[in-house]
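Here's the structure we're looking at; comments come further down.
Each value in this text was obtained by applying a stated rule to the coordinates, not by laboratory testing. These numbers were taken from a predicted model, which means no experiment stands behind them. Glycine gets a Cβ as well: all are built from the backbone with ideal geometry, and neighbour counts include every protein chain shown.
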Amino acid sequence: MRMQDPDFFERFQRGDKEALDAVFNKMRADLYRRAAYLLQNTEDAEDMVMDVLLLLWKKRDSINDQDHIAPWLRITIRNNCLNVNKKKKNLLVNALSFEDPNLSEEQTSQRLFLEYISIRVQDLLIADIMQALDHLPEIYKEVIVLNFFRSLTMSEVARVLKIRVKTAYARRDKALRLLKDTVKESMKKIF
């Protein structure tokens, strides 16, 4: 079964296992890439993808149209990853506030403010980079995903894509230049 099949959505809403498998097969790589980037941890990303797919399965009755499945998954994976990161940041802030008892209240406040600004800038950059990654031409995006998110060597990337190693390097370098331009533009907006 595939998501393009005419009876897919009806079977999905009925709870057909093959329909969930179709969603899993179609969306897993995209969701994993997003989660791995936001969480910066491949194991957590795998867990997050499975959690979100399970949540989709539980809430499938609330999805009224087949075209809403992919956006729902993307938004949910992003929000859940951001919530996990927010919890980690709160733990960091709490740890920092107790880190040095010799700091004055003003120094502690300054330190927390700088940490907060740093985290916000990181969040903005990550969001802009993810958006830019989504808009990269597919031949560049696939090299970045395989090399950085799947941790394949460039030789392995070339073998998977059935291209020469030099071509894989050239595509990766072009993609990184495009992403670097995005980061520069983001920094201009931030500062």
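Highest mean first, the peptides 35-41, 147-153 sorted by other C-beta atoms within 10 Å per residue fall in the order 35-41, 147-153.
The value given for the range 100-191 is a Kirkwood hydrodynamic radius of 15.4 Å, derived from the mean inverse Cα-Cα separation.
The angle between the Cα long axis of helix 165-190 and the longest principal axis of the Cα atoms of the chain comes to about 50 degrees, rounded to the nearest 10. Shown in residue order for the range 56-70 are the 3J(HN,Hα) couplings computed by the Karplus curve 6.51 cos²θ - 1.76 cosθ + 1.60 at θ = phi - 60°: 4, 4, 5, 9, 4, 5, 7, 8, 8, 8, 4, 5, 8, 5, 4 Hz (x for Gly and Pro). Rounded to the nearest 500, the 222 nm mean residue ellipticity of the chain from helices alone is -27000 deg cm²/dmol, with -39,500 (n - 2.57) taken per DSSP H run of at least 4 residues. Pull out a ≥ b ≥ c, the square roots of the eigenvalues of the alpha-carbon gyration tensor of the chain, then state rounded if a/c is under 1.5, prolate if not and a/b is larger than b/c, and oblate in the remaining case. Here the chain falls in the oblate category.
Per-residue packing, averaged as other Cβ atoms within 10 Å, sorts the ranges 45-56, 119-130 into the order 45-56, 119-130, beginning with the highest. The GNM of the chain, with springs linking C-alpha atoms under 10 angstrom apart, assigns the highest mean-square fluctuation among E142, E106, E156 to E106. If only the Cβ of Lys and Arg carry +1 and only the Cβ of Asp and Glu carry -1, the dipole of the chain around its Cα centre is close to 760 debye.
The ranking of I77, I144 from fewest to most other beta carbons within 10 Å of each one's beta carbon is I144, I77. Mean separation of Cα pairs under 8 Å and 6 or more residues apart, divided by the residue count, gives the chain a relative contact order of 17 percent.
Counting pairs of alpha carbon atoms under 8 Å apart in space and at least six apart in sequence, what relative contact order in percent does the range 1-82 give?
30 percent
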